[in-house]
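A.B. asks: Pasting a structure here, questions to come.
The values are calculated or read from the model by the stated rules, or taken from the named source; none is laboratory data. Everything quoted here is computed from the prediction, not taken from an experiment. Note that we place each Cβ from the backbone using ideal geometry, even for glycine, and neighbour counts take in every protein chain shown.
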Amino acid sequence: MSWLEITPPDGLEWGHRKATQPFHESAGKEYEVVSGELKIFGRLNAFDFACLLVVLLAAGGFFLAKAGHAGVNKAIHGTSKIDIDVYFVGLKTKDVDLFKPGETSALTIRNQPVYPPMTITCAEHWPKKVAFLAPDGKKAVAVSDPSQPLANDFLVTVTDVADITDDGYVVRGNKLKVGNQVELESFKYRVQGVVVDINQSK
């Protein structure tokens, strides 16, 4: 059995170990490859070159986003301060002043926390209502639910800055629309609600 030395293509060179193949003259085609590192331009190996390429692509994407492109067909037309109304149904609490204007509350959407926390600008509450048919049988009346004295409905407005795109408002990389299930969290509470309105702040 004789040994056949492998010569790398032009522009490439092998690493510290020389690539050789045991060559069986009788078999003609059977051989075993023992190879080293493949270096590109004599300096970078294939893994380093791939890492460098990923970093360059990421940097390019960042600068494209800063230039006004949030993604495919999602040009950013500007930024605006927005008010987000979150509605909580039948929240059971003794503290009806749970949400205080001026305080901050962290919003979570699709299990992704949005940082930094948003500022509460308005909070309204009223006892949870139940509907009964009026004695005349012609209309329904709503009264506080006597079976759930601690249950209250809340309408809480938080504010933040959002990017304006063709597809709606994007808050710190999170698309936000009416109907989204969200959480508000602070030192004392963590509650789930639904977005019922989004408007640019006046």
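A.B. asks: Based on what the data block shows, is residue 116 under 26 Å from residue 201 (Cβ atoms) and touching a Cys at 6+ places or on another chain (Cβ under 7 Å)?
C.D. replies: Against the criterion (under 26 Å from residue 201 (Cβ atoms) and touching a Cys at 6+ places or on another chain (Cβ under 7 Å)), residue 116 does not qualify.
A.B. asks: Go through the residues of the range 90-101 one by one and say whether even a single one is in the same structural domain as residue 196 (by TED's automatic domain parsing), closer than 20 Å to residue 197 by Cβ, part of a strand (DSSP E or B) and out of contact with any Leu (no Cβ under 7 Å at 6 or more places or on another chain).
C.D. replies: Yes, there is a match, as at least one residue in the range 90-101 is in the same structural domain as residue 196 (by TED's automatic domain parsing), closer than 20 Å to residue 197 by Cβ, part of a strand (DSSP E or B) and out of contact with any Leu (no Cβ under 7 Å at 6 or more places or on another chain).
A.B. asks: Every residue in the range 130-174 that is small (Gly, Ala, Ser), assigned to a loop (DSSP other than H, G, I, E, B) and farther than 30 Å from residue 201 by Cα, please.
C.D. replies: 134, 137, 147
A.B. asks: Still on this structure, please answer the following. Is it the case, given these coordinates, that residue 200 is touching a residue at least 12 places away in the same chain (Cβ under 8 Å), of a type outside the set (Lys, Arg) and farther than 19 Å from residue 81 by Cα?
C.D. replies: No; evaluated as a whole, the condition is false for this residue.
A.B. asks: Scanning the range 169-178 for residues that are of a type outside the set (Lys, Arg) and surrounded by fewer than 15 Cβ atoms within 10 Å (Cβ to Cβ), which turns out farthest from residue 78 (Cα to Cα)?
C.D. replies: Checking each candidate, the answer is 178.
A.B. asks: Quick one: in the range 151-168, which of the residues that are hydroxyl-bearing (Ser, Thr, Tyr) and modelled with pLDDT of 95 or more is surrounded by the most Cβ atoms within 10 Å (Cβ to Cβ)?
C.D. replies: For the range 151-168, the residue satisfying everything is 157.
A.B. asks: Now for a separate question. Exactly one condition in (1) assigned to a strand (DSSP E or B); (2) farther than 13 Å from residue 99 by Cα; (3) modelled with pLDDT of 95 or more is not met by residue 178; state its number.
C.D. replies: (1)
A.B. asks: Going by the structure shown, is residue 130 farther than 15 Å from residue 106 by Cβ and either of a type in the set (Lys, Arg) or touching a residue at least 24 places away in the same chain (Cβ under 8 Å) (or both)?
C.D. replies: Taking the combined requirement at face value, the residue does not satisfy it.
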